[in-house]
1. Within region 1-87, list the trypsin sites (Lys or Arg not before Pro) lying in a DSSP loop whose Cβ has at most 16 other Cβ atoms in a 10 Å radius.
2. Let's test the formula: R0 of 25 Å, r as the Cβ-Cβ distance of residue 74 and residue 26. What FRET efficiency results, to the nearest 0.05?
3. Set the Förster radius R0 to 30 Å, insert the Cβ-Cβ distance between residue 60 and residue 141 as r into 1/(1 + (r/R0)^6), and round the FRET efficiency to 0.05.
4. Evaluate 2.2 N^0.38 Å with N set to the residue count of the chain, then give the Cα radius of gyration divided by it.
5. Using the charge dipole of region 4-183 (Lys, Arg: +1 at Cβ; Asp, Glu: -1 at Cβ; taken about the Cα centre), state which of 177, 100, 16 has its Cα farthest towards the positive end.
6. Could you tally the net charge around residue 83, taking each other residue with its Cβ under 11 Å from the Cβ of residue 83, Lys/Arg +1 and Asp/Glu -1?
7. Please determine, in degrees from 0 to 90 and to the nearest 10, the orientation of helix 39-55 with respect to the longest principal axis defined by the Cα atoms of the chain, where the helix direction is its Cα long axis.
8. In Å and whole numbers, how far do the C-alpha atoms of region 64-163 stretch along each principal axis, longest first?
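What follows is calculated from the coordinates using simple rules that are stated; it is not laboratory data. Since this is a predicted model, take the numbers as computed values, not measurements. So basically every Cβ, Gly included, is an ideal-geometry build from the backbone, and we count neighbours across all protein chains shown.
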Amino acid sequence: MKTLILASQSKRRVEILSMLGFEFLVVPSCVEESPLGGPILTARRLAFRKAFTVWKEYRSAVVLGADTVVALGEDMMGKPRDKKEAVEMLRRLSGRWHRVVTGVCVLFPGGRSSFHDTAWVKFRSLSEEDIESYVDTQEPFDKAGAYAVQGMGARFVERIVGDFYTVMGLPASKTYSVLKKVLG
């Protein structure tokens, strides 16, 4: 049986892969998460870099890397560095549609499978109190776009068009299909 490795320390990705029924090891990659083109290119390139960094050490395994980008137009919002940046991101998302792109790269002996998925998210209009109280929970600080759709950030989400799990950090159905083929 092939070993599956998740090249991420994301609790959300661990949760999704576990929910899908896969057994896997977690080996976080240490890749700088900076823009590498537009939102789609960035998500796909970072997913590849994360997978490749780990795969170099585990070439007989199947390694999954993923990256999620939150974008307002072409402006990408990474993980906020501090409270001020988190507040600013949430103000910008307030009352607006934005897109969430998750890139996935699966590397395995003899091949690679890469894809991305995009979901659109509409935030309700947020008051300053909504924003401040949410940022004070500390939840936004390790999340692209400064919110967790599966956490307290769900109270801001008015509508999602696309895969909820793409917004959470790993497109469940597409990932399941690719891993079933690769793992046999």
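1. Those satisfying the criteria are 2, 56, 59, 81.
2. Plugging the Cβ-Cβ distance into 1/(1 + (r/R0)^6) gives 0.20.
3. The computed FRET efficiency comes out at 0.25.
4. In units of the globular-protein estimate, the chain measures up at 1.02.
5. The listed residue farthest towards the positive side: 177.
6. In short, -3.
7. That helix lies at roughly 40 degrees to the long axis.
8. Result, largest extent first: 53, 26, 24 Å.
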